[in-house]
Amino acid sequence: MRKIIAMVLAVVACGASLTLTTASDAVAAGRSPQCVKVRKFFNRGHQRYVRLTNLCAGRAACYVIVLPHRPDPHGRLAKGATRDIRYGTTQAPRALYVKNTRC
């Protein structure tokens, strides 16, 4: 009886670990790494800027600045870089957010 219970518990434990491994791989495959971090939004003169930092020190990161009713500007940051990105004028709408994308 003890052998049967031990085998059932071992099968359940292996099945659970296999399920967790498969689920975590599926989640990781669907998302790009979150490397680009917004430091601040600001205006300089009549231009709108966003200061972006690449938190991934080992690789370049790509981003898209999401604007309402306009084409979304996109670009690439080098490893560990921080840059001020100009994305429009003060008459244009403010950026909603910055999205990380795959390069």
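For a label point 7 Å from the Cα of THR53 along Cα→C-beta, name the residues of segment 75-102 whose backbone N is under 13 Å from it. The answer is 80-84. Within segment 65-99, the trypsin sites (Lys or Arg not before Pro) that combine a DSSP coil assignment with at most 13 other C-beta atoms in a 10 angstrom radius are LYS79, ARG94. The packing ranking, built from the mean of other Cβ atoms within 10 Å per residue, places the peptides 63-73, 47-57 in the order 47-57, 63-73, highest first.
Each reported figure results from applying straightforward, stated rules to the coordinates on display, with no laboratory input. Here the structure is a predicted model, which means the values were calculated and not measured. Positions of Cβ are backbone-derived with ideal geometry, glycine not excepted, and every protein chain shown enters the neighbour counts.
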